[in-house]
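Where a number appears in this text, it was derived from the coordinates with a stated rule and is not lab data. Please read these numbers as outputs of a predicted model, since none were measured by experiment. Glycine also receives a Cβ, built like all others from the backbone with ideal geometry; neighbour counts cover every protein chain displayed.
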Ligand code: HEM
């Protein structure tokens, strides 16, 4: 059968099953089901499935199991600088931001699309954290690593990729581009495995250099523990998780940010003033500056609120029959947290559809925290990379604006900052900009 024909037949079967199941549940269920196709009621936020996992792990639901708990705790503590040697995460981001600024300077005020420079910079930060060092932007291995990561992210976002996530066993038998997921993942695995071997050969237990060293040391420490989740397989998975989840997210947020600032030069001007007053031009921005920069902080929060990068979060499953308002959500139902219902709540953010840093400022111009700021979701499954992403966005954006004024090749009035419609990751419309040295 033609790949497209097979896919269509498969889709028709899936939809029919869902409709039949929906009708059956409505007739036989004990409580009222929430609105929406029965398999995917779009509310709430419970815990279980994660589309961001490697395709290999698509085949197993980690749930809130012991493996997830241990590996998540390890990733969190390592990303907070524990067990990763002398160079802090902040220093690694600052180092990369310098290389990015030099790359932007080399555009010599000509218009360019910022997608690739931003993706390379953010991906290199993860390389530095995981492998101990960054790559040159033209390093062939680095470019292959990024291409495979981006291709897989793209595939996971596609319809077939999503279906593969939900029906892996069936989809294994359906031809189509989603089959590339496993091939790409295997190549990524081989790349990381090579690095792990190199790390093992030069490992100094008393002096970890990066995430891989920290993990290897943990493996040593847990050798006698038969239940330990710290093994080479999980090291590969955790590393690749960081790449898959951490590259496109922060770099796309930064791209949205640049477009929004091109649209509103008066807002950019105020950020420039704050940078000049608090940081000056002779040293690099650091995280300690943020508390003295309420306007910049508010602009960044508003960028994240406005773009709502992961509009449907990632799918979770209800672990027990759950009563929600007048509805019953049966155990096992897949649900998506619709983050816009909070990020766009007009009780907290007047005129939520407008970009307005005032949403995060009080009447004295001080930064105003909001519990409705949940672009990283909420609860115990909240994004592991939140701390890293917030550092990346603050340091990279302030470093760019410390060095350059942004200029749009088209009239700012004609710039459309509305994100492209997507339920997976919201991207800005393609654009070009010029950066003029300050
Ligand atoms: C602006 C940037 C980012 C945004 C908006 C974002 C958003 C999210 C969201 C909404 C989730 C789903 C949480 C849930 O299941 O309820 C998530 C999960 C996750 N994110 Fe991020 N993320 C960002 C950056 C990063 C970075 C830089 C990394 C890693 C280096 C990362 C790693 C992860 C991982 C591993 C998970 C799965 C956590 C788990 O299942 O326990 N993210 N992220």
Give me 301, 323 ranked fewest to most by other Cβ atoms within 10 Å of their Cβ, as a rough exposure proxy. 323, 301
Translational D (Stokes-Einstein, µm²/s) of the chain at 20 °C and 1.002 mPa s when Rh comes from the Kirkwood sum over C-alpha pairs? 91 µm²/s
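Mean residue ellipticity at 222 nm from the helices of the chain, using -39,500 (n - 2.57) per DSSP H segment of n ≥ 4 over the full residue count, to the nearest 500 deg cm²/dmol?
Working: 15 runs with 223 residues, N = 438.
Helices in the chain give a 222 nm mean residue ellipticity of -16500 deg cm²/dmol.
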Under the rule rounded for a/c under 1.5, else prolate if a/b exceeds b/c, else oblate, using alpha carbon gyration tensor axes a ≥ b ≥ c, the stretch 78-179 is classed as oblate
Order of 360, 394 from fewest to most other C-beta atoms within 10 Å? 394, 360
Expected sort for 295, 164 with the fewest Cβ neighbours (10 Å cutoff) up front is 295, 164
Which of 170, 254, 406 moves the most in a Gaussian network model of the chain with Cα springs under 10 Å? 170
Using the Cα gyration tensor of the stretch 226-369, with a ≥ b ≥ c the square roots of its eigenvalues, what is the shape: rounded (a/c below 1.5), prolate (a/b larger than b/c) or oblate (neither)? oblate
